[in-house]
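The values are calculated or read from the model by the stated rules, or taken from the named source; none is laboratory data. Note that this is a predicted model, so its numbers are computed, not measured. Please note: Cβ atoms are built from the backbone with ideal geometry, for glycine as well, and neighbour counts cover all protein chains shown. All accessible areas refer to the heavy atoms of the entire protein, side chains included, with ligands and DNA or RNA removed. Shrake-Rupley method; radii C 1.70, N 1.55, O 1.52, S 1.80 Å.
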Amino acid sequence: MAQSIDSELAELRANALLRQLREVDSPQQPTLELAGRKLLNFSSNDYLGLATEPVLRNAAKQAIDEYGVGAGASRLICGTLSPHMRLEERLADFKRTEAALVFSSGYATAVGTIGALMHKDDVVILDKLCHASLIDGARMSGAHVRVYPHNHLGKLESHLQWAHENYPEARVLVVTESVFSMDGDWAVLPEIVDIKRRYGAMLMLDEAHAVGVIGLNGRGLADQLGVAGEVEIQMGTLSKALGVSGGYVCGSRRLIDLLINRARSFIFSTAPPPAMAAAALAAVEFMLTPAGENRRQVLRRNLAHFASEMPMLFTGDKKLQSAIIPIILGSSEKAIESSQMLAEKGFFVPAIRYPTVARDAARLRVTISAKHTPKQISALCEQLRGLLK
Ligand SMILES: *Cc1c(COP(=O)(O)O)cnc(C)c1O
């Protein structure tokens with residue numbers, strides 16, 4: 001046993017695919033303290049700087065004083081505390097849906113939701129670049145799984161046609177992210193909505209990297225493109241731009257009632273800490289304030305600044321559409337080397353490798369936050385330009 005584990009680890013190391021934890025000894029902010037060194041952080045999904053925001057911290061502290069630290073039981077036993085209910089009401093209101101349900105993580109949301117809805121002989125159709133949580137949910141559901149190349153509408157339609165011919169009675173679910181987590185680009189949402197409607201399929205949209213960043217008050221891409229009302233299952237996380245932790249689904253009352261009864265990652269898991277729910281509620285409320293709008297404007301300015309210094313990354317059909325900028329380098333070795341070189345210069349930009357992305361598409365993944373200064377962004381761009389030469 002020990003020997004076989006050692007050889008598996010050795011193989012990962014030989015292929016430049018071994019991953020290790022790095023201890024960060026500071027809060028999540030543009031300057032990180034890593035192994036005693038200060039590094040400029042261009043790797044976080046805390047796009048608006050809410051992870052350290054005073055109103056969120058205070059909401060969490062207050063909830064701890066009032067409700068303690070642990071929820072004590074699963075939601076269906078006695079773990080549903082007032083902060084969970086207030087958060088779900090606010091999320092439904094924010095996304096303009098009848099109801100919402102919160103899970104302990106985005107991962108648990110994806111796996112639990114797809115598993116609750118889809119059964120053997122149903123059909124799940126996913127974009128090839130969907131997050132692992134969506135793929136795992138589809139696989140674990142036992143339904144037939146079909147994958148279409150990224151944003152490939154023709155292939156999506158042929159899968160829907162196949163499902164219609166072979167499983168006319170089945171539930172059919174199309175799953176896509178709105179902003180793709182490792183590429184930063186958008187799903188071709190209006191077209192996907194049109195196709196799924198023609199085939200009577202449901203659409204599950206994961207707005208993990210769009211909520212807080214895109215759309216009026218940060219409601220997400222579906223809102224921005226005017227198709228939110230057509231998305232049956234609006235999923236997102238509370239752990240990225242919202243700065244806290246957890247995941248949610250917004251949708252019809254009947255969808256949420258079904259999830260409460262069938263989503264195993266919801267039913268068989270202790271309710272999230274009340275402080276988490278209270279902080280997330282403060283985050284959603286922050287989105288609606290002028291301060292929230294200002295934060296999004298600063299982020300957009302920072303992104304425009306990055307794009308103006310790195311025009312070579314945005315040629316042809318490559319546009320800057322989110323706070324995520326991939327710099328595709330190819331091999332894992334090249335990505336690791338580049339990441340290490342940047343670390344030596346004082347910048348933390350992670351190398352993203354297989355299995356997170358395809359084997360030959362290893363990359364640096366730069367993320368920009370509203371908390372970066374233009375000077376910090378210029379300093380990074382100078383290093384990146386050197387690297388790309
Ligand atoms: C991060 C992420 C998740 C998982 O959310 P967590 O809250 O981190 O568990 C799900 N989907 C996408 C697209 C993500 O990027």
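Descriptive notes on the structure:
- Here S239 does not fit the description of being open to solvent by less than 60 Å² (accessible area, probe 1.4 Å) and either among the β-branched types (V, I, T) or over 21 Å from A59 (Cα atoms) (or both).
- Within the range 10-23, the presence of at least one residue that is within 30 Å of V213 (Cα to Cα) and in contact with a strand residue (DSSP E or B) (Cβ under 9 Å, 6 or more places away or on another chain) is confirmed.
- Which listed residue, of K371, K334, is among the charged types (D, E, K, R), within 29 Å of L50 (Cα to Cα) and open to solvent by 60 Å² or more (accessible area, probe 1.4 Å): K371
Here is a yes/no grid of residues against (1) farther than 24 Å from F314 by Cα; (2) more than 16 Å from the ligand (Cβ to nearest atom); (3) not assigned by TED's automatic domain parsing to the domain that holds Y354:
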| site | (1), (2), (3) |
| --- | --- |
| L129 | no, no, yes |
| V145 | yes, yes, yes |
| Y148 | yes, yes, yes |
| N151 | no, no, yes |
| K155 | yes, yes, yes |
| V174 | yes, no, yes |
| S181 | no, no, yes |
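- Qualifying residues in the range 99-127 (those that are within 15 Å of the ligand (Cβ to nearest atom) and assigned to a loop (DSSP other than H, G, I, E, B)) - the one surrounded by the most Cβ atoms within 10 Å (Cβ to Cβ): S104
- Of residues in the range 310-331 being charged (D, E, K, R) and loosely packed, with under 14 Cβ neighbours inside 10 Å, the one farthest from the chain's Cα centre (by Cα): D317
- Contact map, the range 23-42: first residue without any contact (Cβ under 8 Å) to a residue 40 or more places away in the chain, second residue open to solvent by 50 Å² or more (accessible area, probe 1.4 Å) and not in a loop (DSSP other than H, G, I, E, B), Cβ cut-off under 6 Å, separation 6 or more or different chains; pairs are D25/E33; S26/E33; T31/K38.
- Residue pairs meeting the criteria (Cβ under 6 Å; at least 6 apart or on separate chains; first touching a residue at least 12 places away in the same chain (Cβ under 8 Å) and assigned to a strand (DSSP E or B), in the range 236-248; second near the ligand (Cβ under 9 Å from one of its atoms) and among the acidic types (D, E)): G236/E207
- Conditions (1) more than 30 Å from K345 (Cα to Cα); (2) exposed (fewer than 14 other Cβ atoms within 10 Å of the Cβ); (3) at pLDDT 95 or above; number of the one not met by A63: (2)
- The range 29-58, subset of a type in the set (A, V, I, L, M, F, W, C) and part of a strand (DSSP E or B), residue surrounded by the fewest Cβ atoms within 10 Å (Cβ to Cβ): L34
- Remark: pairs (first residue in the range 120-135, under 17 Å from V172 (Cβ atoms); second residue buried (at least 19 other Cβ atoms within 10 Å of the Cβ) and among the polar types (S, T, N, Q); Cβ separation under 8 Å; 6+ apart in sequence or on different chains) = D122/S141; V124/S141; L126/T176; D127/N151; D127/T176; C130/T176.
- Candidates S339, S369, filtered to the one that is within 26 Å of A241 (Cα to Cα), among the small types (G, A, S) and not in a loop (DSSP other than H, G, I, E, B): S339
Condition check ((1) within 20 Å of the chain's Cα centre (by Cα); (2) small (G, A, S); (3) within 14 Å of the ligand (Cβ to nearest atom)) across all residues:
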| site | (1), (2), (3) |
| --- | --- |
| L216 | yes, no, no |
| V227 | yes, no, no |
| E232 | yes, no, no |
| S245 | yes, yes, yes |
| G251 | yes, yes, no |
| R264 | no, no, no |
| L281 | yes, no, no |
| S308 | no, yes, no |
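- Any chance M276 is outside any helix (DSSP H, G or I), within 16 Å of the ligand (Cβ to nearest atom) and in contact (Cβ under 8 Å) with a residue 60 or more places away in the chain: no
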